[in-house]
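Please read the structure below before turning to the comments.
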Amino acid sequence: TIEFIGMTLLLLVPLIYVVVALAGVQGAIFAAEAASREAVRVLAADPAATSVARIQATLAFEDHGLGEPLVEISCVPDACTQPGSQVMVRVSTVVPLPLVPGWVGQRGLLPVSSTSTALVEGVRLRG
């Protein structure tokens, strides 16, 4: 009985830690992917709506219970005013490992990012 309890604790505690850590990283990956996808859809329809795209990215992260992400927006060519221009959104964040103290620094953080690219639409209907 003692061996069973000892081995269970020895094997079960690390397994639970790994599952909790992977769940946090997976949630951040889903949030980053959804945030970049939705932000680039907004910008493909209207390249001037950068604030709306940032709000969409923040909402995707709030849906997953995460903080505000870092959103980088770029266009090729730079102005993104012509139909067929490419708009790219890169959303990134860091996921802290559970139960890792803050004095560990960067070693206790896992970076997560997602990039989406879309073509700027040629026809816009206003009204």
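I need to check one value: relative contact order of the range 58-127, counting alpha carbon pairs closer than 8 Å and at least 6 residues apart, in percent.
Working: 98 pairs, mean separation 20.8, N = 70.
30 percent.
How large is the dipole of the chain about the Cα centre if only Lys and Arg carry +1 and Asp and Glu carry -1, each at its Cβ, rounded to the nearest 20 debye?
The dipole of the chain has a size of about 180 debye.
Report the charge-dipole magnitude of the range 54-127 in Debye, nearest 20, computed about the Cα centre from +1 at each Lys and Arg Cβ and -1 at each Asp and Glu Cβ.
Roughly 60 debye, rounded to the nearest 20.
As a test of reading the structure, rank S92, S51 by solvent-accessible area (1.4 Å probe, protein chains only), most first.
The most accessible residue leads, giving S51, S92.
Which listed residue (A60, T81, L9) has the Cα farthest towards the positive end of the charge dipole for the chain, taking +1 on Lys and Arg C-beta and -1 on Asp and Glu C-beta about the Cα centre?
Highest projection toward the positive end goes to T81.
How many Å³ per residue does the convex hull of the Cα positions in the range 1-52 occupy?
Residue-normalised Cα hull volume stands at 55 Å³.
Mind checking the full-extension length gain between V94 and V19? Use 0.36 nm per residue of separation minus the Cα-Cα distance, one decimal, nm.
Full-extension gain reported as 25.2 nm.
Please give the net charge around M88, taking every other residue with its beta carbon less than 15 angstrom from that of M88, where Lys and Arg add +1 and Asp and Glu add -1.
0
Just tell me the longest site-free run in the chain, where the sites are trypsin sites (Lys or Arg not before Pro) in a DSSP loop having at most 14 other beta-carbon atoms within 10 Å.
Value returned for the longest uninterrupted segment is 1-123.
Once a ≥ b ≥ c are taken as the square roots of the eigenvalues of the Cα gyration tensor of the range 52-98, is the result rounded (a/c under 1.5), prolate (a/b larger than b/c) or oblate (a/b not larger than b/c)?
Because a/c hits 1.5 or more and a/b exceeds b/c, the range 52-98 counts as prolate.
For the chain, with the dipole built from +1 on Lys and Arg beta-carbon atoms and -1 on Asp and Glu ones, taken about the Cα centre, which of V71, W103, V20 lies farthest toward the positive end?
V71
For the chain, calculate the relative contact order in percent as a whole number, restricting contacts to Cα pairs under 8 Å that are 6 or more residues apart.
28 percent
Largest first, what is the accessible-area ranking of T58, T1 with a 1.4 Å probe?
Largest to smallest exposure gives the sequence T1, T58.
Under the Kirkwood approximation for Rh and a Cα-based Rg, what ratio Rg/Rh is obtained for the chain?
Rg divided by Rh gives 1.21.
Which order do you get for T117, T50, T81 if you rank them by accessible area with a 1.4 Å probe, largest at the top?
Heavy-atom accessible area, descending, gives T81, T117, T50.
The values are calculated or read from the model by the stated rules, or taken from the named source; none is laboratory data. Quick caveat: nothing in here was measured; it's all calculated off a predicted structure. Ideal geometry is used to build each Cβ from the backbone, glycine not excepted, and the neighbour counts take in all protein chains shown. Ligands, DNA and RNA are excluded from the accessible area calculation, which covers all protein heavy atoms including side chains. Shrake-Rupley method; radii C 1.70, N 1.55, O 1.52, S 1.80 Å.
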